[in-house]
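Here's the structure, in structure tokens; my notes come after.
The values are calculated or read from the model by the stated rules, or taken from the named source; none is laboratory data. Keep in mind the model is a prediction, meaning the values are calculated, not measured. Neighbour counts are summed over all protein chains in view; Cβ atoms, including those assigned to glycine, are modelled from backbone coordinates with ideal geometry.
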Amino acid sequence: MAELRSPSRAISTAEAQASTAEARASTAEAGASAAEAGASAAEAGASAAEAGASAAEASTAEARASTAEAGASAAEAVDRARSGDPRALARLISLVENGSHQLRPVMKALARFTGQARVVGLTGAPGVGKSTVTSALVAAYRERGLRVGVLAIDPTSPFSGGALLGDRVRMQEHATDEGVFIRSMATRGHLGGLSWTTPQALRVLDAAGFDVILVETVGVGQAEVEIASLADSTLVVVAPGMGDAIQAAKAGILEIGDVFVVNKSDKPGAQEAVRDLRTMIAMAQRGEGEWKPPIVSTSATSGEGLADLVGRLDAHWSWLDSSGERDRRRQTRAREEISVIALTTLRQRMGGLPGDSSLDALAARVAAGEIDPYSAADELTAAIPAPD
Ligand code: GDP
């Protein structure tokens with residue numbers, strides 16, 4: 001490589017080295033005087049620190065007191081929700097939806113009661129009958145005497161949310177049943193989005209003692225795939241004549257289905273839909289001992305096939321237990337929860353939330369060519385206080 005170097009390049013390299021040496025020397029000088037200045041600053045700082053220490057002690061005590069208060073009221077709210085007070089429960093879910101600061105003590109108080117509920121996710125295109133299937137499942141589990149929670153998650157799309165939510169009125173047949181809690185959650189535009197709110201809401205219902213939690217999502221998209229990954233068992237619902245099986249394959253939800261439901265089997269084309277699904281599911285490679293997703297035909301409006309569906313879900317639940325898959329899934333869920341919360345906290349500390357002034361100011365400077373995006377990102381991350 002050295003022979004290829006042109007003379008002028010060699011000279012400029014030498015020059016560069018010389019000026020680097022100079023720069024180092026002056027940096028050392030600057031460093032020395034900075035150290036001197038630093039020493040006297042440190043002295044001044046020491047007395048300031050003394051004065052500050054007693055103030056800090058006082059405010060720490062205050063902070064502790066208010067944390068204890070928050071903890072006590074959180075524990076009380078959790079107790080009330082566990083005793084079956086639907087208003088207390090609704091309030092806790094609202095804390096989740098609003099990303100409230102009170103959530104921290106609440107989650108602390110909840111933690112030891114979680115891990116009991118069985119979480120079933122339902123996904124599929126709008127109109128296939130998810131709400132109807134959900135409602136029928138609620139009835140089936142209620143017959144067994146189980147307490148059932150339903151979280152109907154609304155998508156981020158502002159175009160479909162409202163109308164579809166209206167359809168969920170059908171679930172109101174369970175509204176007066178004390179063993180059922182139904183909540184629609186709008187997660188649109190929320191800090192951290194779907195992946196942040198849903199697991200926290202699940203925790204609330206789980207700790208409140210619901211035996212089964214049904215999580216229903218609208219539409220078929222990435223968000224639904226994410227939501228489904230939160231569940232112990234995922235139902236993918238399709239209907240005949242909608243090309244749903246193919247759409248489902250395209251959307252990547254065939255991989256996440258533990259049980260497939262061809263709903264509206266009273267309509268023409270149901271058998272074809274089952275056949276299409278079977279062909280596509282058969283293409284997936286499955287090892288020994290792995291779960292083979294069954295296909296269940298239902299007519300949710302008449303209740304046909306519902307007993308079969310509940311049976312398949314029970315079989316999946318047993319398999320989750322015996323294979324160790326339930327613990328694996330739950331750990332994956334917890335890992336995701338922790339990272340989402342940690343990343344959200346980091347973003348908040350950086351002041352990096354969209355619309356925040358420091359990020360905006362940096363963005364303006366980058367856009368104007370004053371600084372490069374790497375330097376801007378460095379500035380942003382430099383603002384994160386190091387952990388103690
Ligand atoms: P979602 O958008 O997937 O939640 O679908 P819905 O549960 O709101 O159902 C959409 C429409 O399909 C409603 O009018 C239901 O009454 C109807 N529906 C649901 N299940 C069945 C079924 O098994 N057979 C028939 N024929 N209609 C059904």
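Within region 315-331, residues that are of a type in the set (Lys, Arg) sit with their Cβ atoms under 6 Å from residues that are assigned to a helix (DSSP H, G or I), at 6+ positions apart or across chains, in these pairs: Arg326/Leu320. All of (1) at pLDDT 90 or above; (2) farther than 30 Å from Gly303 by Cβ; (3) part of a helix (DSSP H, G or I) hold for Thr132 with one exception: (2).
Yes or no, residue by residue, for (1) in contact with a strand residue (DSSP E or B) (Cβ under 9 Å, 6 or more places away or on another chain); (2) over 17 Å from Ser233 (Cβ atoms):
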{"position": "Val261", "(1), (2)": "yes, no"}
{"position": "Pro268", "(1), (2)": "no, yes"}
{"position": "Arg278", "(1), (2)": "yes, yes"}
{"position": "Gly287", "(1), (2)": "no, yes"}
{"position": "Thr298", "(1), (2)": "yes, no"}
{"position": "Asp308", "(1), (2)": "yes, no"}
{"position": "Gly324", "(1), (2)": "no, no"}
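Cβ-Cβ distances below 6 Å connect the following pairs, each with a first residue in region 78-103 that is basic (Lys, Arg), a second residue that is at pLDDT 90 or above and not in a helix (DSSP H, G or I), and a separation of six or more residues or different chains: Arg82/Ala208; Arg82/Gly209. Counting the residues of region 278-303 that are surrounded by 14 or more Cβ atoms within 10 Å (Cβ to Cβ) and within 16 Å of the ligand (Cβ to nearest atom) gives 7.
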